[in-house]
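Note sheet for the following structure.
The values are calculated or read from the model by the stated rules, or taken from the named source; none is laboratory data. It should be emphasised that the depicted structure is a prediction, and the values quoted were computed from it without experimental measurement. Don't worry about glycine lacking a Cβ; one is built from the backbone with ideal geometry, like all the others, and counts go over all protein chains shown. Accessible surface is based on the protein model in full, side chains and every heavy atom, while ligands, DNA and RNA are left aside. Shrake-Rupley method; radii C 1.70, N 1.55, O 1.52, S 1.80 Å.
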Amino acid sequence: MRTKIKSVALTTIVIAILVGCNPDSKSKHTIPKKDTVAASTKATPYSPQDSIALLQLTKNLYQWTQTDDNDDYFSPLLKEKTDTIYVGLDMKLHQKKLQKIRGSGLFSETFISSYNKIAMTIDAKMKDGTLLWKVGELPPFGNGANLWCNCQDVPDDFLSKLYIMHMQSEKDGIFYNRAWGDGIVYNLKAVKENNQWIISEMEGFDYNSLLSTFQKQNDYTGKWANEMVTLNIGESSLAFEYHGQCVYFYPVKKISSTEFEMIWARDMDCKFDNGTKETFGLKEIPEVGKPFAKFTLKNGTLYAEYYYAEWVKRYTEQVQNDVFTPEYSRKNKNN
């Protein structure tokens, strides 16, 4: 059920502006700033009336997203109803979405162009197999949250709680933060066209930032998991994460973008011993500095070939199940 939208008194608006809109505050926005100038004389000047207008613009933005499923974005497309993998984005729905965005009067053509560019890139990467989006799973981009707000759900009566802060003038607009009391701060930029403020950039739809979250089908880096551990794999290291307070680190020897060797080590940040120093009476045991396993990415699954198979078997039986398993599944980056 959609959150009911309630109006807020002008007194509340003014208080929020006075509390949060200090033009000298440092913005913590992640949207890349282009052609930023330090000299305030070259920045876009704004008045208290502009501050109130930006707050109202932000309220209008989120009221719009809560209407008629406007917070939907980048809908995937199935070729056949029985398929388990999407073949790309639904371009017909995407074009309708662009029309709704433009028709709202809330967004600049710069934002609309960037939104379209993101969709075209995602669609192309899905079609060439770089991105694999399985039916029933979160998309292979973003952080699992709604891109419009970087949230899962909006708080009750959130519009009456919404305020803006950390306004920072730029020569072509104003960067600022939006919050509504749930601890999440979201970054936006607005520009003035025809004497009216409109949204030109939003944190969730920044092209470069979103591209950096792509979970590529043909690249083993990223997060993988089984029932017990999460593997956080980079170009040169692998972290076995048991939980937030226990991580074991291993070097990685890259073979290709889909294959690597894990080098044995005893480097850890953990309050307990995971038992990997046990020998189980075997002569063939893992040795620090030598390859322990080879991992291969194939069809969206990470397969492990352990060079010390008997040691792994004994470890699994006597110490802990589901640490060194034959397969690991891709874990979405928000998890």
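Only beta bridges with both residues in the chain are counted; by DSSP, about 100 percent of them are antiparallel. Summary value for the stretch 51-123: 26 percent relative contact order, contacts being C-alpha pairs under 8 angstrom separated by 6+ residues.
Residue order by solvent-accessible surface for 313, 59, 79, 125 is 79, 313, 125, 59, largest first, with ligands and nucleic acids left out and a 1.4 Å probe.
Counting only protein heavy atoms and a 1.4 Å probe, the stretch 206-309 has 51 square angstrom of accessible area per residue.
Taking only protein heavy atoms and a 1.4 Å probe, what accessible area per residue, in Å², does the stretch 115-169 have with all protein chains in place?
On the way: 2260 Å² over 55 residues.
Solvent-accessible surface per residue comes out at 41 Å².
Mind checking the angle between helix 10-20 and the chain's longest principal axis? C-alpha axes, 0 to 90 degrees, to the nearest 10. The answer is roughly 50 degrees. Taking only protein heavy atoms and a 1.4 Å probe, the accessible area of the stretch 295-335 is 40% carbon and sulfur. Solvent-accessible area assigned to carbon and sulfur over the stretch 166-223 amounts to 39 percent, based on a 1.4 Å probe.
Magnitude of the charge dipole for the stretch 214-305, about its Cα centre and with charges confined to Cβ atoms of Lys, Arg (+1) and Asp, Glu (-1), is about 140 debye. As a length-normalised measure over Cα pairs under 8 Å and 6 or more apart, the relative contact order of the chain settles at 16 percent. Taking a ≥ b ≥ c as the square roots of the eigenvalues of the alpha-carbon gyration tensor, the stretch 231-298 is classed oblate because a/c is 1.5 or more while a/b is no larger than b/c. Here the label points at residue 124 and residue 71, each 7 Å from Cα along the C-beta direction, are separated by 3.1 nm in the simple model. Taking each DSSP H run with n ≥ 4 as -39500 (n - 2.57) and averaging over every residue of the chain yields -7500 deg cm²/dmol at 222 nm.
Taking one quarter of the surface of the convex hull spanned by the alpha-carbon atoms of the chain gives a direction-averaged projected area of 21.4 nm². For the chain, the longest principal axis of the C-alpha atoms and the axis of helix 309-318 are separated by about 80°. For the stretch 132-205, the Cβ-based charge dipole about the Cα centre amounts to some 160 debye (Lys, Arg positive; Asp, Glu negative; other atoms uncharged). What angle do you read, to the nearest 10 degrees and between 0 and 90, between the alpha-carbon axis of helix 48-65 and the longest principal axis of the chain? Value to nearest ten degrees: 50. Put a plus charge on the Cβ of each Lys and Arg, a minus charge on the Cβ of each Asp and Glu, and nothing anywhere else: the dipole of the chain about its Cα centre is then about 640 debye. Here the accessible area is traced with a 1.4 Å probe on the protein chains. For the stretch 230-291, carbon and sulfur cover 49 percent of it. Projecting the Cα atoms of 270, 280, 304 onto the charge dipole of the stretch 226-335 (Cβ charges, centred on the Cα centre) puts 304 farthest toward the positive pole. Each peptide in 284-292, 194-202 gets a packing score, the mean of other Cβ atoms within 10 Å over its residues, and the list from highest to lowest is 194-202, 284-292.
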